[in-house]
Structure formats: structure tokens, C-alpha cells
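K.L.:
Let me begin by handing over the structure; questions about it come next.
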Amino acid sequence: MADPEPLIDVGKLNEKVLCYAQTIYRFNGVWEGPDPLTPIIPLFFIQVSLAILITRFVTFVLKPTKQPPFVAEIISGILLGPTALGRIMRFRRLLFPNYNFHVIETMAHVALVFYGFLVGLQMDMKSVLRIGIKARNVAIIGIIIPFVMGTILYFSLTRDEEVRGFIFYGGALTITGFSVLSKILDKQKILQTDIGKMAMSSAVINDIGAWFILTLGYVVTGSTANIHWALICTIAYALFCVFYLRRAIGWIIRKMPEGQGYSEFFICSILAGMAISGVITDALGTHPIIGAFLFGLCIPNQVLQAEIIDKLDDFVTGIFMPTFFVVCGLRTNFGQMGSIYEIVGYILLFVSAKILSSIAATFFSEMTIKEALAVGVLSNTKSIMALIIIEAGQAQQVLSTQLYSLMVAGILVMTAIVTPMTMLHRPSQEIAPHKRRTIQKARMEEELRVLACIHGTHDIPSVINLLGSSHSTPASPITVFALQVVELVGRGSSMLEVHNSGKRGSRSLGHEETQTRQIITAFDNYELRSDGVMVQVLTARSALSSMDEDMCNIAKDKRVAFIILPFHKQRGIEGEMEDVNPEIRAVNEGVLANAPCSVGILIDRGLSETSDYAKNIVVLFFGGADDREALAYALRMVDRPDTRLTVVKFIPDEGASDIEQTEFADESHVNVQIDKESEKLMDDEFLNRFKISTANDKSVTYIELLLNDVEEAVKAIKLMDQHNYDLYIVGKGRGVVSPLTAGLVDWCDCPELGAIGDLLVTSEFDSTFSVLVMQQYVKPIGDGSVNSYGSMSERIAGIGNMDMDLDMQRADSESGDVFSSFRRRTEHMPRV
């Protein structure tokens, strides 16, 4: 029997089918053929290299405009597409031929899988639960109204029967790019303003909502008959990841040896798990990027997150992601968008979506129209997620080239206008002027605002000990902003979180959350047992390179007069000072250089282990603004009935060599003019005021030591160890070059402490005590002030026309006094 004739599809007889004989790479080089770019691998490498070079070039051109890199990446993709260079037929056929599009598109989607994994690693879902109601309302309304407007615009533009594209069109308008917005706000120095915080908090919720919209879009545009199964299975897998997979990974991490890091095998196993998760979500009817994102959320350890991000981030963002922007650019064709008037009209509607939603949020929150407009403009910032959503719509063939190109133009314009708008109208960062920048200027009856920085739980006892020594009362209150400073892992954005004291956290807490809870508990207890104290606990997550700047911005925002910084060394078991975190030293130096108020570096040499607060305090006074600030702070501590204060003024004898200096620049590179006679006069007047105010106080002792050289000064300081002082308060000594300290400056191990502070920290002492090194805020040269230390009336608060001429009488040495070997002048105040 004859074989049956093969079936023929008559409908495809007249169709043109292009067949390509693809070569992966050449065996014999260019000698085999005339075109070396025909093989897939050489052509792909040329495409990637060209994309990277064009992106870097556009980034360089846009650098003066302070635009985020995302804008340059979009423009570079458009330049390579049919809108610009792609219109040149020879360029397109040579470098971006049609037969190679599926290769670069495949690599672009591989890049998206890794990108989704990195986003999942850096996303903190717990932070969503801590966002305030005001920002939450802005975010939710900022999703609903733009989605509705995007849906209406989609149906007004489409002319076919495909209706599922509204999910991608509306979803793209709901995006507020958290990472891009944080870079813009950080560059413009408005990240810590109320408007900046509001926009950032709402952007966190918008980012999470974008992933739900993307997942829904993939499900709806998949198999129409199995939409319900795809949706149910995807939700089930997401719940499995949250409740089971995350715990399993955490259990594996806890079983690994501590302190040995993570092996290459373990990192590769994590990446293999990411790939398997992507395969599962693809099989369930969505896309591998969803599975990679979910797997990234399941990594519970911050150290592991940081290590993975450090290994992958540069490669993914620098090499892989440019292929995605090329694909977006190749799909974009501005020539098919219509007339220029229609384009401008639709883009204005795109921009108005977020602004209208912010205005609508004023009905549900205490936000003014002016604030709403500012938040709306900032919320127009888009990110890669917006491109991912509309690219998915185009790949799923539910968005036409016209709709796709119009939205790409809208995303570019909406993001690009944010930076100039913030430059033209910068939100006010200070509701009230920052007047009280020093303790010396602060009045006793006024509130003293203090920023206490905490790097770890080991800093808590010494900081609370110092605050307890400050002796707050209802008549002389203290407001403490306890700032937990956390080094930002990976490439995330800086964040400031305000904690509610009475709010209970989850039972299952990570290392950072546990530390935060301990800090909140410790400062709550301090507030409860103290009168006139109000405490607010905050957590700042910052990169180490910008940590000092963020701390200074917070201090300015809170209008504090004093910043307390923990020292980078602590007392070890054997009594020696050991490095806890050497990187903190650079942070402290940065704060000292740029602080908007006075700063104190606190060194704990064991006092916090033996006492709740300092009871025997000594101030070493050599002269200068820093020493005056130290004495001003000590004056706040003498009201306790069981507290004693000793002020020792070190005076060079007539035989000591005099050192002239009229200007100095410390390690913070801040030039300060010094008028030696003026400084001496201000020191004398401030000390005279101190002696008058404490003349009848038996708990205060004032001593003047006449010394000849550095050796006598060092000997006198070391002999003070016999008095068992709890707290040494000294000035950093900027601008004061005395013959009693000149030799010490050259031998400082820690110059940020000054000569005397370094001596107290590095020398051996038998007693346990704390050291507070004070630096008074001074205006740098060039700010329009007469001189850096201000006028006499500014620096000597409360002097008035008081007669300060007090007779100093020479006194004999007391029996058994540790200073008996030195000549001294003692004011007639009873010794305790």
C-alpha cells in the first residue's frame, strides 16, 4: 500500500520564512569570510561593549545636571534603537541585525533574573510594618489613582481588542523608584527632611506593590485557560518561601562555623537555588525573575547578603543590565508615537498622576497642599522596575510599539524633571533656626538637645552614664536623641527609622533588631529614672563612607547642641585599650570636621562597670574655646548632692618658653583664626564667672598650677590618678599651643582627641574612669563672621557688666596633696 501524502498547511504556503545559518564563532578567523561580526559571540560582545561605552559617555555628559544614572541608561538604549542610530540602515544591519535580537534579548532576561535576586536581597520587608500611617496613606493612594489613570489612558490609546495591557500600563505609572529617589535626595541633601522621608517611605510600599502588579501581569497574559491555577500556585509558592524556605536557609546558616565566612561552594549553592526558584515560577506561569526575587527575600543573614551583593552587583549592573537597556531601546521607536502635541499632552497626564494622588492624600492625612505637591513631584521618580513592567507587556504582545514608546518617553521625562525641580524648590530642612549650637551658649533653664550615637550595645553603659551625670531636672531638661548607627550592607540606600518606645517587636528578632530592642529598653529605663529627660530612639542605616555626613545632617535636623561619639577603642580584660572597630575612627574624624554643633568623644576606661554616674569629676583647663566648652558642660553636673567637681587650670610659669600662633588648621582642615590676647581675656572672664557662681559651693574646687614644661604637666596629670576621679573632661585644644602641651602634639596616637585627651587614653592608670574630649562648635573662616570664635558678647554669655576682678592669693601646699611638688594658686573654696 502506498504511503499517505504528507499533510500540507496551505495557509502558510505564501508566507516568507527567514532561515539563518548561525555560527557561534569562527574557526579560521577572518580568513574564512569577509564579515567577522556574523558569528553570534563576537557580535554579542560588540553589542555589550557598545552599550557600556554609550552609557558611560551619556553619564559623563549628564554629570553637571546631577541626573541619576537611570536617566543615562534609558537615553543610551534609545540612542542605539530605531529612534536614533538605528535609523541608519547600515549601522542596524551591521551591529544590531534582526537575526541576533533573540540572543541579546535572552541575555537581557538573564540580567533581569539576577537583578530581581539582588533586589530581593536588599529589600527589608519588616521596614514596611514600621512605616507611619501618613506615609502609608500616601503610598496606597499613590498606587490606586495612577493605576486608574494609566488604565484610562491605555484604553483611550489602544485600537485593538487586546485589553490585558492595562495592567502593565497602569502598573508602570504606580512605580516610585526607591533606589533612584534615594540617590537624588541624597545628592540634593534633602534626604532627612520631612518631605524626603515621606517620599522615601511611600516609595518602599510602591516598590513592593510593583512586584505584585508584575506577577499579576505575567499570570493574566499567560495561558487564558489556566489563569486561576497559575495565580493559586504562585501565591502558594510565595507563602512556602516566606514560612518554610526562609527558615530552612536560616537553619543552614546557623549550623555553619562562625567567623570563617562563606565558602565559594556555599555562595554557588545559593545561586543554584536562585536558578531553581526561577525555574519553578516560570513553570507555574509567571517568569523566572519572580522566583529569583522571592529567593532573594528568603536570605535572612545580612552578612551573607552583603557578601553576595559584593560579588554580583558590579557584574550584574555593569555588564548584564546594559543589555536590558539595549533591548528596551530597540523596542522603542519615537517615530510611531504620533504628533508632538499628543505626546506632550499624554506625558503631562503621566506626570500629573502622582501629583493628583498626593493631593488626594491630604484628605486622609495632616499634609498641606504645598507638601503634597512636593511629595507628588518626588514620587514621579521611576526606576528599572517601571521599564521591566512595560517591557514585559511588550514581550507578552499586549502593548503596541506606540504605547510602549510613549510610556518609555514618559518614564524618562518624569524621572529627569525631579532633579531640577528639587534644585529650584528645595524643601525647608529647618522648621526652627538652629541657634544653640554649643553648651556654653545654652542657658541652664532651657532644653539641652543631645545626639547620643551608639554603634553597638557595648556603647550603651558609658553613654547613659555620661547622660546621667548631666543631672537633668524639670527646670533644666535634656532631650536625648539616641541614634543607633548601622553600617549599610551591600549597595542599599541610607535610611532613618524612628522607633516607638512602647511598641513590641516580633518574637523572632535578628541581630540588628535585638540590638535595637536593647537600646530602646536601656534608654527607656534611663528616661523613667530621670527627671526632666525625654528620649527618642532612632536607627540610621548608612554606608561607612557617608556615615559621618548622615550623622551631621541628623544633628542639624534635630537642632542639637551636643553630639556624643563613642571612641573606637575600649578597655580590654587586662586593662589595656583595644580596638573595637577601627573604622569608627574615620567616622568620628568626619563628624568633628563637619558637625553643626559641639562634639564630645567619650572614652570608657571602666567607669561604666562600677558606677551609674560620675561622682568625682575633674576638668583640665589649658585655655581656649574647647576647654571653655568642657567647663560649661561640667557646670551642669555639680547640682547633684553627691557630686564633686575639681577644676585644674594649667598655667605656664614665667620661665616657660612662649609659643606664638595666630592661625591653625586641625586635622579636620578647618582654618580658625586665633587672637591670643582675646582668647586669654575670654578664658579669664569665663573662669571668673565660674568662680563667682560656685563661690559658696563646697563641692567645687578650683586649682591653678604653675608649671615650667611638658614633663611637669604630664607628671601632674598622672598624679591625679591618686584622687580616683570618675570622669575627666578636657578640651581638644584647637588653637591652643601652650609650652605645657607643645611636645605632646607630635606624639599623639589619636590626634582627634587632642594632646591631653590622647595622654589620658594611651597612658597607664590604676583607677577606672571615663574621658570626655570636647570640641566647641566654631564658625569656619569665610562664613561672613568677624572671626571664627565670634565677638566677645557672643562667646561670653551672661557676663553683662559684672566686675570680674578677683584677687588670687598664693597658698601653701596642703599636707598629703598630690600636687605638693608643684607651685600652685588655689582659690578660697573649701576642699572636700
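The values are calculated or read from the model by the stated rules, or taken from the named source; none is laboratory data. Since the structure is predicted, the reported quantities are computational estimates derived from the model, not experimental observations. Cβ: placed from backbone, ideal geometry, glycine included. Neighbour counts: every protein chain shown. What goes into the accessible areas is simple: the full protein's heavy atoms, side chains included, and nothing from ligands, DNA or RNA. Shrake-Rupley method; radii C 1.70, N 1.55, O 1.52, S 1.80 Å.
K.L.:
If you build the convex hull over the alpha carbons only and average its shadow over all orientations, what do you get for the stretch 86-206? Give it in nm² to one decimal.
P.N.:
11.4 nm²
K.L.:
Provide the per-residue ³J(HN,Hα) series for the stretch 226-239, in order, calculated from phi with Karplus coefficients 6.51, -1.76, 1.60 and θ = phi - 60°, each as a whole number of Hz, with x at glycine and proline positions.
P.N.:
Those phi angles translate into 10, 4, 5, 5, 4, 5, 5, 5, 5, 4, 4, 5, 4, 5 Hz.
K.L.:
Let me ask another. For the stretch 215-243 and the stretch 337-380, what is the separation of their C-alpha centers, rounded to whole Å?
P.N.:
Computed from Cα coordinates, the inter-centre distance equals 32 Å.
K.L.:
Provide the per residue accessible area, probe 1.4 Å, for the stretch 174-254, rounded to a whole number of square angstrom.
P.N.:
Here the residues of the stretch 174-254 average 44 Å² of exposed surface.
K.L.:
Once neighbouring chains are kept in place and the probe is 1.4 Å, which whole percent of the accessible area of the stretch 259-301 is contributed by carbon and sulfur?
P.N.:
69 percent
K.L.:
With N set to the residue count of the stretch 312-355, report its C-alpha Rg divided by 2.2 N^0.38 Å to two decimal places.
P.N.:
With N residues counted in the stretch 312-355, Rg over 2.2 N^0.38 Å equals 1.70.
K.L.:
Taking H placed 1.01 Å from N in the peptide plane, check which residues at least 5 places from residue 577 or on another chain put their amide H under 5 Å from its amide H.
P.N.:
572
K.L.:
Which whole-Hz couplings ³J(HN,Hα) result when phi for each residue of the stretch 67-84 is put into the Karplus expression 6.51 cos²θ - 1.76 cosθ + 1.60, θ = phi - 60°, listed in order with x for Gly and Pro?
P.N.:
Going residue by residue, I get 6, x, x, 4, 5, 5, 5, 5, 4, 5, x, 5, 4, 7, x, x, 6, 10 Hz, with x marking Gly and Pro.
K.L.:
What residues qualify as long-range amide H neighbours of residue 454, i.e. H under 5 Å apart, gap of 5 or more or another chain, H built at 1.01 Å from N?
P.N.:
483, 484, 485
K.L.:
Taking the stretch 248-384 on its own, what percent of its Cα-Cα pair distances exceed 24 Å?
P.N.:
Result: 59 percent of Cα pairs exceed 24 Å.
K.L.:
A further question follows. With a 1.4 Å probe and every protein chain left in place, work out the accessible area per residue of the stretch 693-755 in Å², rounded to a whole number.
P.N.:
39 Å²
K.L.:
Given the pairs 189/680; 691/715; 189/732; 649/779, which span a C-alpha to C-alpha distance of over 32 angstrom in this model?
P.N.:
Over 32 Å apart, Cα to Cα: 189/680.
K.L.:
How much area per residue is accessible in the stretch 46-139 when the probe is 1.4 Å and only protein heavy atoms are counted (Å²)?
P.N.:
49 Å²
K.L.:
May I ask you to give the percent of accessible area on the stretch 101-197 that is carbon plus sulfur, with a probe radius of 1.4 Å?
P.N.:
C and S fraction of accessible area: 69 percent.
K.L.:
What ranking, highest mean first, results for peptides 276-289, 212-225 when packing means the other Cβ atoms within 10 Å averaged over each residue?
P.N.:
276-289, 212-225
K.L.:
Moving to a separate point now. Rounded to a whole number of µm²/s, how large is the Stokes-Einstein D of the stretch 22-164 at 20 °C and 1.002 mPa s, given Rh as the Kirkwood radius over C-alpha pairs?
P.N.:
In µm²/s, the coefficient rounds to 109.
K.L.:
Which percent of the accessible heavy-atom area of the stretch 310-437 goes to carbon and sulfur, probe 1.4 angstrom?
P.N.:
Here it works out to 64 percent.
K.L.:
Could you please state, rounded to a whole Å, how far the C-alpha centre of the stretch 683-705 is from the C-alpha centre of the stretch 172-191?
P.N.:
About 54 Å separates the Cα centre of the stretch 683-705 from the one of the stretch 172-191.
K.L.:
Please sort 143-150, 402-409, 45-52, 613-620 by packing, taking for each peptide the average over its residues of neighbouring beta carbons within 10 angstrom, highest first.
P.N.:
Those peptides, ordered most packed to least, come out 402-409, 613-620, 143-150, 45-52.
K.L.:
Determine, for each peptide in 693-701, 172-180, 103-111, 265-273, the mean count of other beta carbons within 10 angstrom over its residues, then list the peptides with the highest first.
P.N.:
172-180, 103-111, 693-701, 265-273
K.L.:
Under 5 Å between amide H atoms, partner at least 5 residues away or on a different chain: which partners does residue 647 have, H built in plane at 1.01 Å?
P.N.:
619, 701, 702, 703
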